[in-house]
1. Please enumerate the residues belonging to segment 137-149 that are over 23 Å from the mean Cα position of the chain (by Cα), surrounded by fewer than 14 Cβ atoms within 10 Å (Cβ to Cβ) and over 17 Å from GLU115 (Cβ atoms).
2. Mind checking which residues of segment 84-104 are in a loop (DSSP other than H, G, I, E, B), modelled with pLDDT of 95 or more and open to solvent by 30 Å² or more (accessible area, probe 1.4 Å)?
3. Anything in segment 110-123 that is surrounded by fewer than 16 Cβ atoms within 10 Å (Cβ to Cβ) and either in a strand (DSSP E or B) or not assigned by the TED database to the domain that holds GLY145 (or both)? List them, or say none.
4. Which residue out of ALA107, ALA81, ALA55, ALA168 is assigned to a helix (DSSP H, G or I), at pLDDT below 95 and among the hydrophobic types (A, V, I, L, M, F, W, C)?
5. Would you check which residues across segment 1-40 are surrounded by 14 or more Cβ atoms within 10 Å (Cβ to Cβ), of a type in the set (A, V, I, L, M) and within 23 Å of ALA55 (Cβ to Cβ) and list them?
6. Identify, by number, the condition in (1) touching a helix residue (DSSP H, G or I) at 6+ places or on another chain (Cβ under 9 Å); (2) at pLDDT below 95 that ALA11 doesn't meet.
7. Select, from ARG153, ARG95, the only residue that is among the basic types (Lys, Arg), in contact (Cβ under 8 Å) with a residue 60 or more places away in the chain and assigned by the TED database to the domain that holds ALA67.
8. If you check ASP53 against the conditions, is it acidic (Asp, Glu), closer than 21 Å to LEU157 by Cβ, surrounded by fewer than 17 Cβ atoms within 10 Å (Cβ to Cβ) and free of Cβ contacts under 8 Å to residues at least 40 places away in the same chain?
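The values are calculated or read from the model by the stated rules, or taken from the named source; none is laboratory data. Quick caveat: nothing in here was measured; it's all calculated off a predicted structure. As a convention, Cβ positions derive from the backbone with ideal geometry for all residues, glycine included, and neighbour counts pool all protein chains shown. Ligands, DNA and RNA are stripped out before the accessible areas are found, and what is left, the full protein with its side chains, is counted by its heavy atoms. Shrake-Rupley method; radii C 1.70, N 1.55, O 1.52, S 1.80 Å.
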Amino acid sequence: MSALTGAKEVAVTDYPAPPILDAITTNISKNVPAHLRPHVTVQGHLWGDTTSDFAVANAHRYTRILAADCLWMLYEHANLAKSMLHFLSDSPEARIFCIAGFHTGRAKVAPFFEEVIPQHDLEVEEIFEMNADGKRRPWAKERDGGREDIGERKKWLVLAQIRRRVPA
């Protein structure tokens, strides 16, 4: 989507396993017009690794980061935030756009926003929930006392805009 909407440069990253990266490359070749493909690269990236050639070459480079459905592994939240901060431009306008479903449970998603983000020199600028019909509601780290109906929670996504923490 970034390339289709005019981004000058797009890096699509995922876990550095050849079958995953090959599938992404195939999807790009099928869905991105040929004249835009030179603006898109596919890179393997292990969250938290800031020493790879890709990470070193692109430190603080990106003004927009889109993280889609990356929050289902609690034990990787800190590494994800570390990578986000590493790649995010120092520009005051730089933002991370994060979207995640609740299919694995709200309890696995909430700690990223409530605990991990503040620990990594980042801050949530805006956060809300939205369903497929475009209905919005306020973000809640817990609903129905933690007994949220699984069928109902799967209808909602959390969307957040994150930035570098603004010094007080």
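1. ASP144, GLY145, ARG147, ASP149, listed by residue number.
2. Filtering segment 84-104 down to residues in a loop (DSSP other than H, G, I, E, B) leaves 89-94, 102-104.
Restricting the remaining residues to those that are modelled with pLDDT of 95 or more gives 89-94.
Correct list: ASP90, SER91, PRO92, GLU93.
3. GLU123
4. Numbers: ALA81 fails: at pLDDT below 95; ALA55 fails: at pLDDT below 95; ALA168 fails: assigned to a helix (DSSP H, G or I).
Being assigned to a helix (DSSP H, G or I), at pLDDT below 95 and among the hydrophobic types (A, V, I, L, M, F, W, C) holds for just one of ALA107, ALA81, ALA55, ALA168, which is ALA107.
5. ALA3, ALA7, VAL10, ALA11, VAL12, LEU21, ILE24, ILE28, VAL40 - these are the residues of segment 1-40 that are surrounded by 14 or more Cβ atoms within 10 Å (Cβ to Cβ), of a type in the set (A, V, I, L, M) and within 23 Å of ALA55 (Cβ to Cβ).
6. Here ALA11 meets the rest and fails (2).
7. Residue meeting the stated conditions: ARG95.
8. On the way: acidic (Asp, Glu): yes; closer than 21 Å to LEU157 by Cβ: no; surrounded by fewer than 17 Cβ atoms within 10 Å (Cβ to Cβ): yes; free of Cβ contacts under 8 Å to residues at least 40 places away in the same chain: yes.
So ASP53 fails the test.
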